[in-house]
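No value in this document is a laboratory result; all are computed from the given coordinates. In this text, all values refer to a predicted model and were calculated from it rather than measured experimentally. Every residue, glycine among them, receives a Cβ derived from its backbone with ideal geometry; neighbour counts consider all protein chains shown.
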Amino acid sequence: MKPSPSAPPPGFEEAGTLRQRARTAGMDPNYWYAVEEVRRIKPGTVQEVVFWKHSIALYRGTDGTFHAIENRCAHRQLKLSIGDVRGCRLVCAYHGWEYGGEDRPAGVPYDGEGRSFPRLALRTYPVKVRYGLVWLFPGDPEKAEQRHIPEIPELEGPDRWPCVPLRFTWSAHHSMVVDNVSDLTHAHLHGLYRPFDGATLTRCETVGDNVHLAYDTRVGRGRVSGLFVDHKRLDTDRMELCYEYPYQRSNTGGEIKHWLFVLPMGERTTRVFFLFCFKSLKIPFLPVRIPRFAMAAVMKISSRLLIAPLLNQDRLALEAEQEGFEKHWDARPVEFNPVIKAFQEVTVRKWREHLARESGNGDAAA
């Protein structure tokens, strides 16, 4: 007799273990989240973005400005993302109702009386552009100016470091992605790429909403990638990382840095944005740095041939982990790296605090 399928994982409130709660938690909406690369949204176009099961229409006016509105027409509830952009207005595909960044229609083509429409409870969202990414604030708009997009001085000014953003959509929970990027004990997965090797955890400290980490590890020792790193000049035997909720970053020798920005779409889908930044790279087999003007081209080639395939290995592992969790969510957690517990504690606490605010019960966040 064929065994019956196991029950689905419990929801956040019903979860019995830290891992179960972390794998069902959302993320606090009162932060700025990267949602797309600027270059992928041309003026006069619209696309759908999703923040934790909430569909949002992100559109770019013909003047280049970005706008975001709840992804439904107030008339018949069609997704506005299937409409089109005219000037700085988003036009519904069905009856042509127009929206101009406010929570009410800006115009209805067949309304000969020119009436003023009442508020129809359509949400609009603050939008900013920075580091080649479009950022959206899905939470309380009054808090948008109190929160700041992470400061990355290496990507500012005339001497900014070369950087090529990479973005993917992975079928895995956002907490798995954060675990993966900061858990350097999975070097076995990456074989010949060897982005890190022989990791020994030397620091794991939670300070407020941040988890600070450090590993003694050999960085950038791949058969090909290692030729471009000046191991004699840089300290590539140590990496410092931080889960700066809801962001993640790392630093090697002050000259190799990366940021990870996750966009939680649902319990099993996450859009991820990686910014890998190198102050300099050297010409293979020579103690000579690659000229700054050539760095951007080298970064584009390495992103396509080295970094993207390496991250694809992470994707395959995470999507398999997601499938395994859904089938065996009640299996006893076995974890040896203490950073995972630290990450999950912050993720769960922040989500619990958000739910308490939403319910109006501040004591529940304690």
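Give me Cys73, Cys92 sorted ascending by neighbouring Cβ count inside 10 Å, so fewest comes first.
Values: Cys73 26, Cys92 23.
Least crowded to most crowded, the residues run Cys92, Cys73.
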Around Arg86, which amide H atoms from residues at least 5 apart in sequence, or from another chain, sit under 5 Å from its own amide H, with H modelled in the peptide plane? Val91
Spelling it out for Glu36: with amide H atoms placed in the peptide plane at 1.01 Å from N, the residues 5 or more places away or on another chain with amide H under 5 Å from its amide H are Val134
What's the center-to-center distance, using Cα atoms, between region 29-95 and region 252-320 in Å? 28 Å
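Would you mind computing Rg(Cα) / (2.2 N^0.38 Å) for region 153-349, counting N as its residues?
On the way: Rg = 17.0 Å, N = 197, 2.2 N^0.38 = 16.4 Å.
So region 153-349 has a normalised radius of gyration of 1.04.
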Measure nothing but the geometry: give the 0 to 90° angle between the long axis through the Cα atoms of 338-359 and the longest principal axis through the Cα atoms of the chain, rounded to 10°. 10 degrees
Once both axes come from the Cα atoms, what is the angle between helix 292-302 and the longest principal axis of the chain, in degrees from 0 to 90, rounded to 10? 80 degrees
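In deg cm²/dmol, rounded to 500, what helix-only [θ] at 222 nm does the chain give when every DSSP H run of at least 4 residues adds -39500 (n - 2.57) and the total is split over its residues? Provide the component values of the computation, followed by the final result.
Details: 5 runs with 67 residues, N = 366.
That comes out to -6000 deg cm²/dmol.
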Contour minus Cα-Cα span, Glu205 to Thr62, at 0.36 nm per residue, comes to 46.7 nm
Can you compute the radius of gyration and Dmax for the chain, using only the Cα atoms, both in Å? 22.7, 76
Output ³J(HN,Hα) for region 238-245: one whole-Hz value per residue in order, computed from phi by the Karplus curve 6.51 cos²θ - 1.76 cosθ + 1.60 with θ = phi - 60°, and x for Gly and Pro. 8, 10, 9, 9, 8, 8, 9, 2
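Looking at this model, which pairs from Lys79/Lys128; Lys143/Lys300; Lys279/Lys341; Lys257/Lys300 are more than 26 angstrom apart at the alpha-carbon? List each step's numbers first, then the result.
Details: Lys79/Lys128 23 Å; Lys143/Lys300 36 Å; Lys279/Lys341 33 Å; Lys257/Lys300 16 Å.
Pairs exceeding 26 Å: Lys143/Lys300; Lys279/Lys341.
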